[in-house]
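Asker: Before I ask anything, here is the structure I am working with.
The values are calculated or read from the model by the stated rules, or taken from the named source; none is laboratory data. Given the structure is predicted, the values throughout are model-derived calculations rather than measurements. Every residue, glycine as well, gets a Cβ built from its backbone with ideal geometry; the counts of neighbours run over all protein chains shown.
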Amino acid sequence: MKFDVIIIGGGWAGCTEAEKLAEAGSKVCVISEGLSLASVRYETPYSRHAGLQKAGVTVLRGDRAERGIIEDGKVTGVITRNLGEGEPLTADRYVLATGKFFSRGLLSDKEHIWEPVFGADVDYDPDRTKWFSQDFEADQPFMKFGVKTDAKGHVLVDGKSIVNLTAVGDICNE
Amino acid sequence: MMEVNPDYPGPKKAGPDGERYRLKDPAFFDYALKYCLNCKRCEVACPSDVHIGDMIQSARIKYGSQAKVKGLRGVRDWALASTDLVGSLASPVAPVVNEVLQLKPVKSVMHGMLGVDKHRTFPEYASKKFVSWFLKQDQSAFDKFVTYFHGCYVNYNYPKQGQDFVKIMNAAGYGVHLLEKEKCCGVALMSNGFAAKARKQGALNLNSIRKAVAAGEPVLTTSSTCTFTMRDEYPDVLGLENADVRDNIMLATKWLYEKLSSGEIKLKFRKDFKMKVVYHTACHMQKMGWQLYSIELLRMIPGVTLTVLDQNCCGIAGTFGFKKENYGYTQKIGSKLFEDICTSNPEYVSTDCETCKWQIEMSTGVPVLNPIEILAAAIEA
């Protein structure tokens, strides 16, 4: 299915971006992993999704972007959990708004931090001891990690700019 | 359910948490699991893809048998679950059955003795089954075919939906076949504790589906719950392997959207068609992620003004909502949706699930149409 813009992540940043684009007349799809459910998950912008849907935005609640397809420096589609490999969603432009660690926009093990959908370059110190401060109340360095972008705001994958992929919200580095 | 009934322990505790104990000793089985609506919203919400709903369903089947409802309530559960038998018995005398089921004294007796809630309106039985109508339709002029799984509701209660499906397919240049043998998909049997019978019917359906797929035909449906049951609950809850044909079982809206958007089929739309519709995403539809196709298909129809409602459960959960002990919960769960519909003030609500349809029509008074019915009304015959 083809849209003007696909926004991956239905949190505050993704919803704000979707509202702006829908107002400007774009055909927008928001892929939002969360669904509010007592004892499993509580999702803050729950109420904003209702408004987006009424404004004509397609909100795929409870679906998840599993993998982005990148060909020749451009994103050509997104595979989602519910629709599967055979049915990629496509758009002219893609926006990454998946947030940081708690919303699984960034994943990590003891040596690496990575962005799971596009494999975007993440700006972090390879020395793990510098990821966090022992002082619990201090600013934690890992909260500043995020995906790298070029001067135009395009997300970098393997050091190359992806011309139709931008990032908004917490997923960006500081 | 948790929000309206504190007796229900919630998906986390009822599912994986409780399973640890049940594996040690079946005596840990909690009868409150009967309150699970099987809406699968827990599976949609789970960030780690745990099949919580399947786990609860399986536990009810495996450990809940000693809790089999006895006496008249047992008769009620059996009657609600046996859609094929009750439908076959009711349809020759449909006008009588429909009248009788509406009578106040009958409702009171059913409420008091059987525990079928008196507030419920029963879906009317049709005097002529869909299959009887279909067998008189000549489909021999076509060279391309699709197979239709009509389901119980279309066959016994609402043949019009099936007739609309045939009308659309014929207009698109496709003939319609039925499965060699079709039984109820089994969802009502499963939720009322008749797993063995559900498995038997599932195996029979899969056998016929395999024959249709081997003949190169997709198996199309017009009910989201039947579709979900055959695609996902057959393997996950009943242990029936369906990987070879699963991708060929799909809702007609998805198939039509794909064919229409690729230009493979064309439909001639009426120019004077106007309708103000709100779309309600049924829970099983959301689990499949296919609301996308029904919504986009409705948007393709000239003259349709479509608003998509926020995704809230209607509460009925199939036969669950017909039971007296559950009625109060189902209405509380659905209240957000009903309010949303009433404030939108539409001409029609559209949804892909027939039990959502009964619940919404009863609770809001707004008529509900399947997207297929809207499409059929919008094309030139």
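Asker: If B:Lys271 satisfies all but one of (1) of a type outside the set (A, V, I, L, M, F, W, C); (2) surrounded by 23 or more Cβ atoms within 10 Å (Cβ to Cβ); (3) away from chain A (no Cβ under 14 Å); (4) outside any helix (DSSP H, G or I), what's the number of the condition it fails?
Answerer: Of (1) of a type outside the set (A, V, I, L, M, F, W, C); (2) surrounded by 23 or more Cβ atoms within 10 Å (Cβ to Cβ); (3) away from chain A (no Cβ under 14 Å); (4) outside any helix (DSSP H, G or I), only one is false for B:Lys271: (2).
Asker: From the list A:Arg93, A:Arg104, exactly one residue is more than 14 Å from chain B (Cβ to nearest Cβ) and surrounded by fewer than 20 Cβ atoms within 10 Å (Cβ to Cβ). Which is it?
Answerer: Just a single option satisfies the conditions, and that option is A:Arg93.
Asker: Within segment B:57-65, is even one residue within 14 Å of another protein chain (Cβ to nearest Cβ) and under 20 Å from the mean Cα position of the chain (by Cα)?
Answerer: Looking through segment B:57-65, none of the residues is within 14 Å of another protein chain (Cβ to nearest Cβ) and under 20 Å from the mean Cα position of the chain (by Cα).
Asker: Also, I was wondering about something else. Name the helices (runs of 4 or more DSSP H) wholly within segment B:1-112 that hold at least 3 residues that are more than 30 Å from B:Met285 (Cα to Cα)? Break it down into steps so the answer makes sense when it comes.
Answerer: Numbers: elements: B:18-24, B:41-45, B:52-63, B:71-81, B:83-90, B:94-102, B:104-109.
Correct list: B:18-24, B:71-81, B:94-102, B:104-109.
Asker: Out of curiosity, is B:Leu23 modelled with pLDDT of 85 or more, surrounded by fewer than 22 Cβ atoms within 10 Å (Cβ to Cβ) and either under 21 Å from B:Leu240 (Cα atoms) or among the aliphatic types (A, V, I, L, M) (or both)? If you could, list the steps in order and put the result at the bottom.
Answerer: Working: modelled with pLDDT of 85 or more: yes; surrounded by fewer than 22 Cβ atoms within 10 Å (Cβ to Cβ): yes; either under 21 Å from B:Leu240 (Cα atoms) or among the aliphatic types (A, V, I, L, M) (or both): yes.
Considered against the rule, which asks whether it is modelled with pLDDT of 85 or more, surrounded by fewer than 22 Cβ atoms within 10 Å (Cβ to Cβ) and either under 21 Å from B:Leu240 (Cα atoms) or among the aliphatic types (A, V, I, L, M) (or both), B:Leu23 comes out as yes.
Asker: Does any residue of segment A:112-121 turn out to be part of a helix (DSSP H, G or I) and either under 20 Å from A:Ile70 (Cβ atoms) or in contact with a Phe, Trp or Tyr (Cβ under 9 Å, 6 or more places away or on another chain) (or both)?
Answerer: There is no residue in segment A:112-121 that is part of a helix (DSSP H, G or I) and either under 20 Å from A:Ile70 (Cβ atoms) or in contact with a Phe, Trp or Tyr (Cβ under 9 Å, 6 or more places away or on another chain) (or both).
Asker: I'd like the full set of residues that are buried (at least 21 other Cβ atoms within 10 Å of the Cβ) and within 13 Å of chain A (Cβ to nearest Cβ), limited to segment B:37-54.
Answerer: Those that are buried (at least 21 other Cβ atoms within 10 Å of the Cβ) and within 13 Å of chain A (Cβ to nearest Cβ): B:Leu37, B:Cys39, B:Lys40, B:Arg41, B:Cys42, B:Glu43, B:Val44, B:Ala45, B:Cys46, B:Ile52, B:Gly53.
Asker: Separate question: Suppose we filter B:Met275, B:Met288, B:Met300 for residues that are under 30 Å from B:Asn5 (Cβ atoms), of a type in the set (A, V, I, L, M) and in contact with a helix residue (DSSP H, G or I) (Cβ under 8 Å, 6 or more places away or on another chain); which single one remains?
Answerer: None of the others qualify; the one that does is B:Met288.
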